[in-house]
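For reference, the structure is listed below as structure tokens.
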Amino acid sequence: MSLGPKRPTFKPTPYGYTRRSRGIPRWLMLLITGVVLGAGGVLFLQRSYGPQRLTVEQSEQLRSDLNTSNMESQRLSIESEKIKTEIKQARQDQQEQAARAEQARKQTADMEAGLASLIQAIPPDPRGTSPGIRGADMVARDAGVDYRILLIQDLPEGRSEVPALRGRIKLIAQGAYPNGNTGYIDLAEQPLDMGRYIVIEGRAELPNKAFRPRQVTIQVMGEGSDKVIATRTFHVVAGR
């Protein structure tokens, strides 16, 4: 038994028109919510674990420190180059000094060889003593006597050096006074310290200006002794 007219049953068709409900779709809300949450998470991570943002004062201080560091680096670089230059110059100077030292050594060796030959060529002391008084110049001028004496020690057999000789050397003049009388006076005495050879030079003033020296006798004594170990007499020449 029918209570009223039947309503047609709704059957959607592919081309049929249906009325949509108004409002924001749920998927869009989910998308917006996700973006907001993601942005918030990124900000949270940056603030909590990311590098801290510098204030203006901190940024200026950092820039100042960086400039100071660059200037210090440049200064150290300049000093490093300067030190390198000084080291290079020092090495060059050292090489030049070594070359000069080697040249001086060779010249010294040549001089020693030449001196040895010269000593061999000098006539020996007639008395055959060592040290030998190999030669002397005695010149009388201005009430005094200028003297130059060469003493040489002989090399011991099988040796290239001689022991040092210390003692004293004494000069005794023989001459005449204006009245014709002959006399002797002590001219000079001085310490002696020699090795292979020595040249002794000096001037002795005459105690009596009227005395005219003709000969000078040279005496060599050892240290602490009056014993004469070498002696020789030379004529005095008149100087101008």
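Observations on the model:
- Gain on full stretching of the segment that runs from residue 35 to residue 79 - 0.36 nm per residue minus C-alpha separation: 10.1 nm
- Probe 1.4 Å, accessible area per residue of region 103-240, Å²: 62 Å²
- Kirkwood radius for region 127-213, taken over all pairs of different Cα atoms as the inverse mean of 1/r, rounds to 14.6 Å.
- In this Cβ point-charge picture (+1 for Lys and Arg, -1 for Asp and Glu), region 121-240 has a dipole of about 340 debye about its Cα centre.
- Cα pair distances in region 52-155, grouped into 5 Å bins until the bin that holds the longest one, percent each: 2, 9, 8, 8, 7, 7, 6, 6, 6, 5, 5, 4, 4, 4, 4, 3, 3, 3, 3, 2, 1, 0
- Once the chain from residue 121 to residue 181 is taken as fully extended at 0.36 nm per residue, the excess over their C-alpha distance is 17.6 nm.
The values are calculated or read from the model by the stated rules, or taken from the named source; none is laboratory data. Nothing here was measured: the structure is a model prediction, and the numbers come from that model. Cβ coordinates were reconstructed from backbone atoms using ideal geometry, including for glycine residues, and neighbour counts include every protein chain displayed. Each accessible area value is taken on the protein alone, full model and side chains, heavy atoms only, with ligands, DNA and RNA left out. Shrake-Rupley method; radii C 1.70, N 1.55, O 1.52, S 1.80 Å.
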